[in-house]
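S.K.: Quick one: this structure, given as structure tokens, is what I'll be asking you about.
The values are calculated or read from the model by the stated rules, or taken from the named source; none is laboratory data. In this text, all values refer to a predicted model and were calculated from it rather than measured experimentally. Here the Cβ positions follow ideal geometry from the backbone for every residue, glycine too, while neighbour counts run over all protein chains shown.
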């Protein structure tokens, strides 16, 4: 039983390292890491119970403790890639939060899409922004950029749809106002004046008491929606 438990523990540890290669996307998912950690600890516990020799033996502690540490050290070494990836990501996330550079990381993730856009590969850039959108459905920025690409391609209705999807995701009044104004401008370009007015009126009500309410009412006045206060 001891040999079986220890062998199972070591084999599982080696498989964790094998499956934790950087090119395997699943290896960084919470499910994989939770399952790997649980399996490692469960098999370690099983090994620990089988390594122990009968307590009646006067050399019980002398043999059991070193044997347990040896089994643990070898198992940890075999799973080194798994643990180094897990711990490394933890410290990187902690540093990102403390340094406040999590937004910089998000911006860097757009580099490939931005490069494709600059090179004129608009469909490729759109696809890359869509991938970023899938990774973080709560972020409005990928949708905004997708909308701008569709506008460059002359597909205004799709751009409008993306902007409207992004609007409720805006985290601040300023971003909410910017998106709303962009939507109203696009509606005016499409000749849909009444919808543009409704959009600005909604923004003015939602952001009442802020400077963005004033900006919205000034825009309304500019298209004959109402008189700016």
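S.K.: Within segment 25-55, restricting attention to residues that are loosely packed, with under 12 Cβ neighbours inside 10 Å and assigned to a loop (DSSP other than H, G, I, E, B), which residue is modelled with the highest pLDDT?
M.R.: So, considering only residues that are loosely packed, with under 12 Cβ neighbours inside 10 Å and assigned to a loop (DSSP other than H, G, I, E, B), the one modelled with the highest pLDDT is 29.
S.K.: Of all residues in segment 158-179, count the ones that are within 22 Å of the chain's Cα centre (by Cα) and loosely packed, with under 15 Cβ neighbours inside 10 Å.
M.R.: Here the count works out to 3.
S.K.: Related question: Listed residues 155, 150, 182, 144; which is crowded, with 21+ Cβ neighbours inside 10 Å, assigned by TED's automatic domain parsing to the domain that holds residue 124, under 29 Å from the mean Cα position of the chain (by Cα) and modelled with pLDDT under 95?
M.R.: On the way: 155 fails: crowded, with 21+ Cβ neighbours inside 10 Å; 150 fails: crowded, with 21+ Cβ neighbours inside 10 Å; 182 fails: crowded, with 21+ Cβ neighbours inside 10 Å.
It is 144.
S.K.: Being surrounded by 18 or more Cβ atoms within 10 Å (Cβ to Cβ) and at pLDDT below 80 narrows it down to one of 96, 13, 85, so name that one.
M.R.: Unique residue meeting the criteria: 85.
S.K.: With the checklist (1) more than 30 Å from residue 131 (Cα to Cα); (2) modelled with pLDDT of 85 or more in hand, flag the one item residue 58 doesn't pass.
M.R.: (2)
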